[in-house]
1. From the set of residues in region 96-134 that are among the aromatic types (Phe, Trp, Tyr) and closer than 30 Å to Ser71 by Cβ, which is modelled with the lowest pLDDT?
2. For region 46-84, give me each residue that is part of a loop (DSSP other than H, G, I, E, B) and within 29 Å of Gly139 (Cα to Cα).
3. If Ile246 satisfies all but one of (1) within 18 Å of the chain's Cα centre (by Cα); (2) under 21 Å from Gln145 (Cβ atoms), what's the number of the condition it fails?
4. Of these, Leu62, Leu102, Leu113, which one is within 22 Å of Asn168 (Cα to Cα), touching a residue at least 40 places away in the same chain (Cβ under 8 Å), touching a helix residue (DSSP H, G or I) at 6+ places or on another chain (Cβ under 9 Å) and surrounded by fewer than 18 Cβ atoms within 10 Å (Cβ to Cβ)?
5. Looking at region 15-46 only, could you name the residues that are without any contact (Cβ under 8 Å) to a residue 60 or more places away in the chain, in contact with a helix residue (DSSP H, G or I) (Cβ under 7 Å, 6 or more places away or on another chain) and among the charged types (D, E, K, R)?
6. Condition test on Lys308, is it of a type in the set (D, E, K, R), in contact (Cβ under 8 Å) with a residue 60 or more places away in the chain, touching a helix residue (DSSP H, G or I) at 6+ places or on another chain (Cβ under 8 Å) and part of a helix (DSSP H, G or I)?
7. Quick one: count up the residues across region 246-265 that are part of a helix (DSSP H, G or I) and surrounded by fewer than 21 Cβ atoms within 10 Å (Cβ to Cβ).
8. Anything in region 116-153 that is among the small types (Gly, Ala, Ser), surrounded by fewer than 19 Cβ atoms within 10 Å (Cβ to Cβ) and farther than 19 Å from Leu244 by Cβ? List them, or say none.
Amino acid sequence: MMIKDMYLYMIGVLIMIIGVMVGVAFLTLLERQALGYIQIRKGPNKVGYMGILQPFADVVKLFNKEQTFPSYSNYMVYYFSPVVSLIVILMSWLLIPYYFNLISFNLGILFFLCCTSIGVFTVMVAGWSSNSNYALLGGLRAVAQTISYEVSLALIMLSSIIMIMNFNMINFFFYQEVIWFFFLMMPLSLCWLSSSLAETNRTPFDFAEGESELVSGFNVEYSSGGFTLIFLSEYASILFMSLLFILLYMGGYSLSLIFYMKLSFISFVFIWIRGTLPRYRYDKLMYLSWKSYLPVSLNFLLFFLGLKIFF
C-alpha cells in the first residue's frame, strides 16, 4: 500500500509540474497578446490559430540556440543556478491544499517562506558566477529588492495567520466561507499584491533589468536553456503569487471554475500593471518597503492580534 501511495504521489507531482509549465507557456502568450492590444498593435498571432502555438515555437527556438558560457565564469555554479531556481519554485507549488493525493502541509506557510528565501540565493549566485560586472550589479539590485519585500510579505502574511491561528493553507478556505479576507483586510491585501509584484521583479519594480547600464540584469550572460529556465521560474513564481493571493484573501482553494477564473484574473492584473504603469525609481522602491509597508503591516499585525484576543 505504501509503495502504491508513493507511485500515486509521484504521478500527482508530475501532472502538477506539467500543468504549471503549460500554464506558464500560456501566461506568456496572454502577456504578449494583452501588451499588444494595450500598445495598439497585434500580438503574436501567426503561429497556429490566433498564435496559440507561439509558446511552443518559442521553447523550440530557445532550446535550439547555442549554449554559451563566459570563459571566466564559475562554470558548475553558473550552469546549475537556473536549474535550482526552477526546482525551488516548483517545490513551492506543492503547497496548494489539494483535497486529494498530494501533500497537506501543516506548516505550509513556513515552507513557502523557506522557498522564497532560497530563491534569493539562486538570483545572487546566477549574477555572481558569470563573473560579469553587469550581471553582478543586476543580481545585487534584485537581491536587495527581494529581501526588502520579503520582510513586509512575511509580516502581512502573519496578520492572516493570526486570523486563522494555523499554518495549514487549507484552513483559509474554511475561514472565508462567509466573507473574504480581502474585505476584512483591504489595505493589507493591496499591500500584499504590490509586494508580490516587487518579489517577482515585475513592472513597476523590474529594476534588475530596468537600467540601461545593466543590459538585462543578472541573467545577461545566459543563453539558450539557462535563460529559458530563468524565464520559466520567473513566470511560474508570478502564477504562484497570484494563487497565494487567492488562497489568503479571495476565498481559499476550491475545486471550481470560479477559483480558476479568479486565478486567471489576478495573473492578468500582473500583465495589466506592466502595460499601464511606468517604472519606479530605485530609492523610492526601498522607501516604499521600509517606510510605508513595514509600519503599516506592523500596525495591522497589532490590530488583528488585539482583535483575536478580544473575541
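The values are calculated or read from the model by the stated rules, or taken from the named source; none is laboratory data. Model, not experiment: these values are computed from the prediction. All Cβ positions, even for glycine, are placed from backbone atoms using ideal geometry, and neighbour counts span all protein chains on display.
1. Looking at the filtered set, the residue picked out is Tyr134.
2. From region 46-84, those part of a loop (DSSP other than H, G, I, E, B) are 46-48, 52-53, 65-74; that's our starting set.
Listed by number, the residues that qualify are Lys65, Glu66, Gln67, Thr68, Phe69, Pro70, Ser71, Tyr72, Ser73, Asn74.
3. All conditions are met except number (2).
4. The unique qualifying residue is Leu113.
5. Lys42
6. Details: of a type in the set (D, E, K, R): yes; in contact (Cβ under 8 Å) with a residue 60 or more places away in the chain: yes; touching a helix residue (DSSP H, G or I) at 6+ places or on another chain (Cβ under 8 Å): yes; part of a helix (DSSP H, G or I): yes.
Considered against the rule, which asks whether it is of a type in the set (D, E, K, R), in contact (Cβ under 8 Å) with a residue 60 or more places away in the chain, touching a helix residue (DSSP H, G or I) at 6+ places or on another chain (Cβ under 8 Å) and part of a helix (DSSP H, G or I), Lys308 comes out as yes.
7. Number of matching residues: 9.
8. Ala144, the sole residue that qualifies.
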